[in-house]
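A quick write-up on the structure given underneath.
All of the numbers you see were taken from the coordinates with simple rules; none came from a lab. This is a predicted model, so every value here is computed, not measured. Note: ideal-geometry Cβ built from the backbone for every residue, glycine included; neighbour counts use all protein chains shown.
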Amino acid sequence: MLGPAAIVYWTLVSVHRSRRHECTLVRYSMDMVDPSLTPLPATVSRPERLFPTLTPAQITRIAAHGRRRAVASGEVLVEVGQRPVPFFVVLSGKVQALRPSSGIEALIVTQGAAQFTGEGTMLTGRRALTRIRAIEPGEVIELDREQLLGLIQTDAELSDIFMRAFVLRRVELIAAGYGDVVLIGSTHCAGTLRVEEFLTRNGHPFHYIDLDRDADAQDLLDRFQVTAADVPVLICRGDAVLRNPSNRQIAECLGFNDSIDRTHVRDLVIVGAGPAGLAAAVYGASEGLDVLVLESNLPGGQAGSSSRIENYLGFPTGISGLDLTGRAYAQAQKFGAQLMVAKGASKLTCSRPLYSVHLDDGGRIDARALIIASGAQYRKPAISNVSQFEGAGVYYAASRMESQLCVGEEVAIVGGGNSAGQAAVFLAETAKHVHLLVRKDGLAETMSRYLVRRIEEHPAITLRTRTELVALDGDRHLDRVQWREGRTDVVESHDIRHVFMMTGAVPNTGWLDGCVALDERGFIKTGPDLSTEDLTSAAWPLPRTPYLLETNRPGVFAVGDVRGGNIKRVASAVGEGSIAVAFVHQVLHQ
Ligand SMILES: Cc1cc2nc3c(=O)[nH]c(=O)nc-3n(C[C@H](O)[C@H](O)[C@H](O)COP(=O)(O)OP(=O)(O)OC[C@H]3O[C@@H](n4cnc5c(N)ncnc54)[C@H](O)[C@@H]3O)c2cc1C
């Protein structure tokens with residue numbers, strides 16, 4: 001079953017997507033709700049779903065997890081920006097959810113006996129978006145976040161009620177304009193897409209003001225003395241104005257990592273929040289380990305940028321990488337795993353019995369066991385000015401966000417693997433025409449047959465074999481590309497404004513600094529692939545040989561795309577992430 005945060009995330013993704021087209025927020029639809037939730041009878045009205053009244057039996061079960069206490073009239077139970085956010089069931093009296101702004105409090109809702117406070121933020125451990133105040137003297141049951149998580153994990157009926165209410169409330173907050181982030185950007189600006197993706201993948205609500213469409217936006221920018229170079233601008237939590245902020249600055253401003261204690265030694269630290277790392281986090285946390293995931297950028301990894309994954313078990317019509325990894329992210333949080341975003345591992349200290357992962361902000365986390373799931377990243381083409389157009393015509397992913405930027409336009413895709421094939425088929429749905437550039441004579445050796453067939457049969461896709469991209473041209477945005485046809489050596493110029501680079505991946509192992517053995521291509525060696533020399537060089541101290549997926553350091557595992565010999569698929573990443581946890585238990589018990 002998915003946690004509320006999963007559904008919030010899922011819903012927000014839909015909200016953000018629709019905004020691109022309509023510049024308005026969609027209202028909540030029950031179609032967006034996790035289908036695994038027990039359906040409510042049709043007679044249950046929307047207000048009852050949002051603000052259910054608990055039965056005496058349900059209240060008794062909740063009371064066993066928290067503490068009863070009196071509240072005074074006017075007492076603030078939760079303040080905006082507070083973290084962690086406690087959860088309250090009202091036993092008597094009344095409480096109000098309020099949104100304070102410029103000294104005025106907007107009333108969101110008044111709740112009475114047998115109703116409860118809270119929304120999705122409580123599960124993520126992030127800051128409160130609203131103020132909760134008692135307006136009458138009364139009595140409540142108070143649960144902290146850990147107690148609420150414990151209850152949700154053990155009581156299926158209450159879990160359903162809370163999840164449904166939390167989702168609906170978050171969406172109502174967004175629809176009513178109660179988000180705490182405003183993003184002012186332009187589709188012609190590389191940073192806008194990056195910031196949008198960062199907020200979306202973190203499931204954080206934001207309002208987008210499009211400079212290209214909103215005539216008043218310039219006045220707004222002038223008010224803050226913002227120049228073109230400062231775009232996108234992010235107004236964070238109503239006051240801080242961040243100009244073209246890095247993902248880390250956004251995470252810091254929104255306090256994404258504030259609840260994470262860096263001082264205590266973890267059972268398991270996982271480096272990377274792609275499918276492999278998230279799977280390890282779900283299994284590790286659900287099996288009682290104290291798990292911290294470090295993610296240098298945004299959750300989801302490469303899979304998060306896939307438009308549609310059709311070969312992952314259980315999704316016969318496919319699922320977008322964003323949806324799949326968003327659910328996994330929330331699932332890991334539901335089981336109590338903590339996730340630090342926009343904070344990467346920069347070094348590993350291999351001394352035992354504890355391993356120290358050094359962070360790129362200078363900090364350090366100690367762990368008894370480590371799973372390396374840092375994956376791989378796309379190769380960049382050897383074109384000198386490619387970075388100038390990244391996010392402004394050059395993309396390394398083809399998700400719905402990118403596809404909306406090139407509706408009705410011609411696009412080029414570079415690469416002959418499955419990700420290039422998927423991108424071609426997906427973009428052909430909305431682009432005017434797709435040119436697929438591959439160096440080889442065909443696709444048969446590198447792409448799955450089902451994709452090759454779709455490409456061959458699609459009227460809006462032209463396969464250009466033995467063709468190489470050689471130049472990119474434009475000012476702030478890509479305007480033109482040149483490619484060379486290998487057979488004739490003729491260079492052609494095309495007014496194409498969008499190029500998708502899908503040209504293979506290199507492992508993210510630079511940060512390991514020689515601590516674990518790598519193969520000749522830089523991927524991590526594990527289990528039976530390790531040679532006697534590999535073990536000797538690391539002074540392998542144990543009588544046993546390394547477990548499957550274990551590196552030449554005891555208790556350090558490698559899973560997913562970063563591992564030598566891994567099949568570069570979501571399923572294998574997820575499988576390896578979960579298998580490694582079984583070995584982590586063994587290591588921790590030795
Ligand atoms: C566009 C696209 C489409 C795809 N489509 C499919 C498909 O349809 N079916 C399929 O099976 N596979 C598909 N794949 C492949 C699949 O996505 C990968 O095999 C899978 O994501 C690998 O998962 P992973 O967790 O091992 O690594 P990754 O997904 O690469 O995740 C690694 C994570 O680690 C983080 N990281 C890196 N270095 C550090 C560090 N030092 N500190 C902290 N964090 C770090 C990265 O930011 C990243 O989030 C596709 C890939 C792409 C790019």
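Tabulated data for the structure shown
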quantity	calculated
Estimated inter-spin distance, Asp513 and Arg68, nm [label 7 Å along Cα→Cβ]	5.7 nm
Average Cα contact separation per residue, the chain, under 8 Å, 6 or more apart, as relative contact order %	12 percent
Inter-label distance, nm, simple model (7 Å from Cα along the C-beta direction), Val407/Val470	3.6 nm
The range 294-362: projected area of the alpha-carbon convex hull, averaged over directions, in nm²	6.3 nm²
log₁₀ of I(q)/I(0) at q = 0.06, 0.08 Å⁻¹ - the chain, Debye sum with one point per alpha carbon	-0.34, -0.60
Quarter of the Cα convex hull surface for the range 36-167, i.e. its orientation-mean projected area (nm²)	7.9 nm²
Helical segments meeting 18 Å axial Cα length and Kyte-Doolittle -1.0 threshold in the chain (DSSP H)	4-22, 156-175, 321-334, 570-589
The range 388-424 and the range 478-543: distance between their alpha carbon centers, rounded to Å	20 Å
Sequence of Val181, Val491 once ranked by neighbouring C-beta atoms within 10 Å, starting from the fewest	Val491, Val181
Footprinting exposure proxy for Arg368, Arg480 (fewest neighbouring C-beta atoms within 10 Å first)	Arg480, Arg368
Computed lengthening from Ile260 to Val241, 0.36 nm per intervening residue step minus Cα-Cα distance	4.4 nm
Spin-label model distance (nm) - Asp214 vs Ser101, 7 Å beyond Cα toward Cβ	1.2 nm
Computed over the range 206-327, Kirkwood Rh from alpha-carbon pairs, angstrom	17.5 Å
